[in-house]
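Trainee: One structure coming up, written as structure tokens, with questions to follow.
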Amino acid sequence: MFEKVLVANRGEIAIRVMRTLEELGIASVAVYSEPDRDAPHVRRADEAYLLGPGPATESYLVVEKILEVAKQSGADAIHPGYGFLAENAAFARACEEAGIVFIGPPPSAIDAMGSKTRAREIMAEAGVPIVPGTTEPVDTVDDARKVIADSIGYPVAIKAAGGGGGKGFRVAESEDELEKAFEGASREGEKFFSDPTVYVERYLPDPRHVEVQVLADGEDNVIHLFERDCSVQRRHQKLIEESPAPAVDPELRQRIGKIGTDAARAVGYRSAGTVEGLLQGGEYFFLEMNTRVQVEHCVTELVTGIDIVREQIKIAAGEPLAYSQEDVVVRGHAIECRINAEDASKNFAPAPGRIGHYREPAGPFVRVDSGAEEGYEVLPLYDPMIAKLIVWDVDREASTRRMLRALAEYEIGGLKTLIPFHRALLATQQWANGETCRDLVEDKRWLKQLAFPAPEQAAGDEEAEKVAREYAVEVSGRRFDVTVIGEAMTANGAAPAAAKKAPRRERKSGGGGGAPGELVSPLQGTVLKVAVKKGAQVDEGALICVIEAMKMENEITAPSAGTVEELGVTEGGSITTGDTIAVIK
Ligand code: MV4
């Protein structure tokens, strides 16, 4: 097994991966951009290294820099998370060439699935049902007109070959709309993937988005962990995901599970992956394969009890799968709500800013995968998804009630999030019926009425003249919640929550501050023991003294090897933060 893994990502997924690494006894290495210096994923890791400025193209996407950090830190492997470099075959190859394991599929499988036309061709050959349409690029609008008339029929979807996840996707209801759709898809393909190639599919009128989680170990064991339904999406951004899919019965479940494993086998897959498809009237069609761990993998973890990231890491380390298909069973129902810093009532406008008060829900069968905390600033530079709320219960109805309870417990002040949207949507009859809620997420009037009930509490908005504050009062022993609206108070040192910076974690070693070679006390307390004499030679990591603080004994060690030129501590003496313990040169 690996000893140390670099996590080439940020936010909730970086923390998610580090948690599993710790459980496996593997040290974690974080990388970060300048504005992420004090981000939670940086403090969660055992070691952290700066990549560069904020824009991802200068930090999280710089292959050479990440490989350099991997070498410098002695990492055996790199976990890419999702997004950034996760589906970049050139990066996976560069890792291999540098002798570092890429925790993901073989580059050839990334390439095969990266081209949507090639993927469709491979799937058709392997007997996997694809959405009817072309498996080859369509070069011109005239060619498209012909192939549609001959074999597809309207409406059609024009999709970019380099696309995926809905980028470069246009619909033409009839021939009049074809040229515009074709050019739109081609332009978007060129813009996002430097590839203007498009292909044509029959447009399915009201499909459900159903995907299959697969695991393959490279030793011919390919299994699936059943399906997820991700039909609640807007502009191709998934908002809510669940497992099992409400529209899938046991017979169909077996069928689409096999489609998932057949698709994975057809490209020699190894690692965790997802086969995405459309379900329309009992028919299931392959759409594309995501060759990474996905945002929504957690719902599958909750219904199967399998840690997908752990399996992914073990597979990458060369271990065979510990599960066979028969071992995998689905129990109960899990739902995930993406907590984005967005205002649904304003057409899902991005709502970056600093989080004020922050409190996560808890209690039975509630999981929060978050990259945020009190005082954390959501930057417009990166993905607006700051956390995911995932719940489990015995069935869909109970799981929905549990999600509504957890959403009500979730307190995020200072900026707007999708919490009000999720609470409203999960309370609708459409959701209860298991519908896709497609009209609802596009319905401006419905979205508008979920405008934020009370104008955002002005936590952190020091300029606001009037602020709303919530208090609990007791009247004759009975508790009431009251909202007091008045001028902001700055007295009593009660700083608004947003003004409080997240506490920095103390770094244990390294002579932070101080002159060269100076070892400064990180704490205040009593010197219980002095382990060296002045003039002594010490190795790096050698015990210098023991300081008792807050009833805890803290060992202070040498940050580097050298001679103890000065010694500022005596046994039994007291010491304050910032005092010189020793000078080692
Ligand atoms: C489609 C489609 C209808 N016909 N393809 C592609 C990316 C993914 N985000 C949704 N995609 C779709 N591809 C064909 N040939 C409809 C969608 C679609 C969708 C599908 C299921 C549930 C919700 C959806 C919302 C928008 C688009």
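The values are calculated or read from the model by the stated rules, or taken from the named source; none is laboratory data. Being a predicted model, the structure only gives us computed values, none of them experimental. Here the Cβ positions follow ideal geometry from the backbone for every residue, glycine too, while neighbour counts run over all protein chains shown. The area values use the complete protein model at the heavy-atom level, side chains included, leaving out ligands, DNA and RNA. Shrake-Rupley method; radii C 1.70, N 1.55, O 1.52, S 1.80 Å.
Trainee: Relative contact order of the chain, please, whole-number percent, based on alpha carbon pairs below 8 angstrom and at least 6 residues apart. Don't skip to the answer; put the middle values down first.
Mentor: Numbers: 1286 pairs, mean separation 55.8, N = 585.
RCO, the chain: 10 percent.
Trainee: Got a number for carbon plus sulfur as a percent of the range 243-318's accessible area, 1.4 Å probe? Mind showing how you got there, number by number?
Mentor: Values: 990 of 2120 Å².
Ligands and nucleic acids excluded, carbon and sulfur give 47 percent.
Trainee: Here's another thing I want to ask about it. Take the Cα of ALA531, step 7 Å along the line toward its Cβ, and report every residue of the range 567-585 whose backbone nitrogen sits under 11 Å from that point.
Mentor: None, by backbone N distance to the label point.
Trainee: Moving to a separate point now. By its C-alpha gyration tensor, with a ≥ b ≥ c as the square roots of the eigenvalues, how is the range 191-276 shaped: rounded for a/c under 1.5, else prolate for a/b larger than b/c, else oblate? Before the final figure, lay out each step's value.
Mentor: Details: a/c = 1.83, a/b = 1.15, b/c = 1.59.
Oblate shape, in that a/c is at least 1.5 and b/c is the bigger or equal ratio.
Trainee: How large are Rg and Dmax for the range 294-433 when only the alpha carbon atoms are used, in Å?
Mentor: Cα-based Rg and Dmax for the range 294-433 come out at 16.8, 49 Å.
Trainee: Counting only GluC sites (Glu not before Pro) that are in a DSSP loop and have at most 10 other C-beta atoms within 10 Å, tell me the longest site-free stretch of the chain.
Mentor: Formally, the longest exposed-site-free interval is 1-462.
Trainee: Sticking with this structure for a sec: Suppose we look only past 48 Å in the calculated P(r) of the chain. What percent of the Cα-Cα pairs does that tail hold?
Mentor: On the way: 35486 of 170820 pairs.
Of all Cα-Cα distances in the chain, 21 percent exceed 48 Å.
Trainee: Considering amide H positions built from the backbone, and no H for Pro or chain starts, which residues 5 or more places from GLY305, or on another chain, come under 5 Å of its amide H?
Mentor: The list, which skips near neighbours in sequence, is empty: none.
Trainee: Add -39500 (n - 2.57) for each DSSP H run of 4 or more in the chain, then divide by its residues: what number comes out at 222 nm, to the nearest 500 deg cm²/dmol?
Mentor: On the way: 16 runs with 148 residues, N = 585.
Value at 222 nm, helices only: -7000 deg cm²/dmol.
Trainee: Under 1.5 on a/c is rounded, so check that first for the range 176-320, then, if it is not, pick prolate when a/b is larger than b/c and oblate when it is not; a ≥ b ≥ c are the square roots of the alpha carbon gyration tensor eigenvalues. Walk me through the numbers before you get to the answer.
Mentor: Values: a/c = 1.99, a/b = 1.48, b/c = 1.34.
Prolate, since a/c reaches 1.5 and a/b exceeds b/c.
Trainee: Accessible area per residue of the chain at 1.4 Å probe, in Å²?
Mentor: Numbers: 26930 Å² over 585 residues.
That works out to 46 Å² per residue.
Trainee: While we're here: Just want to confirm a number: the relative contact order over the range 177-302, from Cα pairs under 8 angstrom separated by 6+ residues, in percent. Don't jump to the answer; show the numbers that get you there.
Mentor: Numbers: 203 pairs, mean separation 30.9, N = 126.
Result for the range 177-302 is 24 percent.
Trainee: In terms of Cα to Cα distance under 29 Å, which lysines are near enough to LYS416, apart from those fewer than 8 places away along the same chain?
Mentor: Result set, ordered by chain and number: LYS167, LYS238, LYS346, LYS388, LYS444, LYS448, LYS466, LYS500, LYS501.
Trainee: I've got another one for you. Just report the Cα centroid separation between the range 318-375 and the range 511-583, whole Å.
Mentor: 43 Å
Trainee: Same structure again: With an 8 Å cut-off on Cα pairs and a minimum separation of 6 or more residues, tell me the relative contact order of the range 84-128 in percent. It would help to have the intermediate numbers written out before the result.
Mentor: Working: 20 pairs, mean separation 14.2, N = 45.
Value for the range 84-128: 32 percent.
Trainee: Of the heavy-atom accessible surface of the range 388-451 (probe 1.4 angstrom), what whole percent is carbon and sulfur? Before the final figure, lay out the partial values.
Mentor: Details: 1370 of 2900 Å².
Carbon-and-sulfur percentage of accessible area, whole number: 47.
Trainee: Here is a follow-up. What are the residues whose amide H is under 5 Å from the amide H of ALA536, where those residues sit 5 or more places off or on another chain and H is modelled from the backbone?
Mentor: It is VAL564, by chain and number.
Trainee: If I compute solvent accessible area with a 1.4 Å probe over the protein chains, what percent of it on the range 160-210 is carbon and sulfur? Mind showing how you got there, number by number?
Mentor: Details: 1130 of 2550 Å².
Carbon and sulfur together cover 45 percent of it.
Trainee: So, one more: Using only Cα atoms, figure out Rg for the range 20-165 and give it as a multiple of 2.2 N^0.38 Å.
Mentor: Numbers: Rg = 20.5 Å, N = 146, 2.2 N^0.38 = 14.6 Å.
Normalised Cα radius of gyration, the range 20-165: 1.40.
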